1. Which value, in Å² and to the nearest 10, is the accessible area of V39 when all protein chains are kept and the probe is 1.4 Å?
2. With r defined as the distance between the Cβ atoms of L161 and R91 and R0 fixed at 30 Å, what FRET efficiency is calculated, to the nearest 0.05?
3. Rank by packing, highest mean first: peptides 21-32, 157-168, with packing defined as the count of other Cβ atoms within 10 Å averaged across residues.
4. Can you work out the FRET efficiency for the pair A14 and I80, with r the C-beta to C-beta distance and R0 = 41 Å, to the nearest 0.05?
5. Multiply the residue gap between L195 and R106 by 0.36 nm, knock off their C-alpha separation, and tell me the result in nm, one decimal place.
6. What FRET efficiency would be calculated for the residue pair V152, L70, taking the C-beta separation as r and a Förster radius of 22 Å, to the nearest 0.05?
7. Expected output is a single nm value to one decimal: the length gained when fully extending between R206 and L2, i.e. 0.36 nm times separation in residues minus the C-alpha distance. What is it?
8. May I ask you to list the residues of the range 12-48 whose amide nitrogen lies under 16 Å from a point 7 Å from Cα along the Cα→beta-carbon direction of R168?
Amino acid sequence: MLTTLITIWILHVAAMATPGANVLLVSQLAASDRAQSAVFAALGVTLGALVWATSAVLGVHAIFQAFPGLRLALQIAGGIYLLVVASRLWRSGSVALNESSASVSRRAAFRLGFLTNITNPKSALFFGSVFAASFPAAPSPLLQMAAVAMIVVNALCWHTLLAYLFSRAQVRSGYSRVRGLANRMAAVVVGALGLGLLVATLRDART
């Protein structure tokens, strides 16, 4: 059991360390002097991880394989959502700092974090693949619950750490000087993720 959990932990940490929409959302909110909003966004991302990890344990990966249309629909929704976020980031790059630094409400930040994570069905595919590769043929309920709990703790610790690090005065000071460029770069990255998801969906639909 311990070996299985360590394997899942390593794979999950490696996946989280790869810059993506979740990392960009939390780090940018924190660097924009919105530390509290960043923490609630981190909680939303964590809830999304809980939903996807639990879904993977319950066999949603198998459902996606049986009904590929459902997975494609979710991927389209996720791609469009990321493009909307990218558009907002790009437009905010031309807004003065004192006009855009108002705190995002806790509810809005939590919802943004949750939607950013939950609209990416590749998370379910990731967890489904990792669990399928790491679990024994007949995993015990204890192992399954432990794996999900570990995923939640990992996500919570990582994203709240990002919120803390990027809310430091030195980081905020540097961010304020390059805010417009940083927002536009983040918009390009998020937009590329959204377009990549849509292109992959179209490719899957043709096969």
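1. 60
2. Details: r = 29 Å, r/R0 = 0.97.
Efficiency for this residue pair is about 0.55.
3. On the way: 21-32: 24.7, 157-168: 18.8.
The peptides rank, most packed first, as 21-32, 157-168.
4. Numbers: r = 28 Å, r/R0 = 0.68.
For A14 and I80, the calculated efficiency is 0.90.
5. Working: separation 89, 0.36 × 89 = 32.04 nm, distance 2.87 nm.
Length difference between fully extended and current span is 29.2 nm.
6. On the way: r = 25 Å, r/R0 = 1.12.
Once the sixth-power term is evaluated, E becomes 0.35.
7. On the way: separation 204, 0.36 × 204 = 73.44 nm, distance 4.15 nm.
Value of the extension gain: 69.3 nm.
8. Correct set: 27-28, 30-33, 35.
The values are calculated or read from the model by the stated rules, or taken from the named source; none is laboratory data. Owing to the predicted nature of the structure, the values given are computational and were not obtained by experimental measurement. In this analysis, Cβ positions are derived from the backbone assuming ideal geometry, glycine residues included, and neighbour counts consider all displayed protein chains. Heavy atoms of the whole protein, side chains included, go into the accessibility calculation; ligands, DNA and RNA do not. Shrake-Rupley method; radii C 1.70, N 1.55, O 1.52, S 1.80 Å.
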